[in-house]
Amino acid sequence: MRDRLIAARARIAEPENWLQGHFARTATGKAVLPADPKATCFCLVGTLRADDTPDDPAFSSLVAFVTKIILHRFKGRFINAPAFNDHKDTTHAGVLRVLDIAIERAPC
């Protein structure tokens, strides 16, 4: 789990690689699935999903783990990871902080 979280964070480490409102986009702005090799920008859930194969059970665990951190950190203000990522007040730095906490707390 920790390795996937580290990879997810690395994908959106630069602000230009993070987005809101879609799971993933290409460099030209076309919306694509997160696992598409042309994807260059990702939301929080999209970056967690980018390494997935179809029906990967690890994805659900990752999202549940990150959602738990969001619920705790923001005291229930957001009901899930997409709501947090896409909120108008959410920043790139805030998303990276959630991933940093997840990496710190993740089992190996």
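Go through region 57-67 residue by residue and turn each phi into a ³J(HN,Hα) via Karplus (6.51, -1.76, 1.60, θ = phi - 60°); whole Hz please, and just put x for glycine and proline.
So the J values, rounded to whole Hz, are x, 5, 4, 4, 5, 4, 5, 4, 5, 5, 4.
Could you put I69, I79 in order, starting from the residue whose Cβ has the fewest other Cβ atoms within 10 Å?
I79, I69
Across the chain, how many lysine pairs, 8 or more positions apart or on different chains, have C-alpha atoms separated by under 23 Å? Please give the number.
Count of close lysine pairs: 4.
What is the dipole size for the chain, taken about its Cα centre, with +1 at each Lys and Arg Cβ and -1 at each Asp and Glu Cβ, in debye to the nearest 20?
320 debye
For the residues V66, V32, what sequence is obtained by ranking on other C-beta atoms within 10 Å, fewest first?
Ranking V66, V32 by Cβ neighbours within 10 Å, fewest first, gives V32, V66.
Can you sort C108, C41 by how many other beta carbons sit within 10 Å, fewest first?
Going from sparsest to densest Cβ surroundings: C108, C41.
Over region 1-71, what is the relative contact order in whole percent, taking alpha-carbon pairs under 8 Å and six or more residues apart?
28 percent
Between P15, P34, P57, find the one with the highest GNM mean-square fluctuation for the chain; connect C-alpha pairs within less than 10 Å.
For the chain, modelled as a Gaussian network with Cα springs under 10 Å, the answer is P57.
Each value in this text was obtained by applying a stated rule to the coordinates, not by laboratory testing. Just so we're clear, the structure is a prediction, and the values are computed from it rather than from any experiment. Virtual Cβ from ideal backbone geometry, glycine too; neighbours counted across all protein chains shown.
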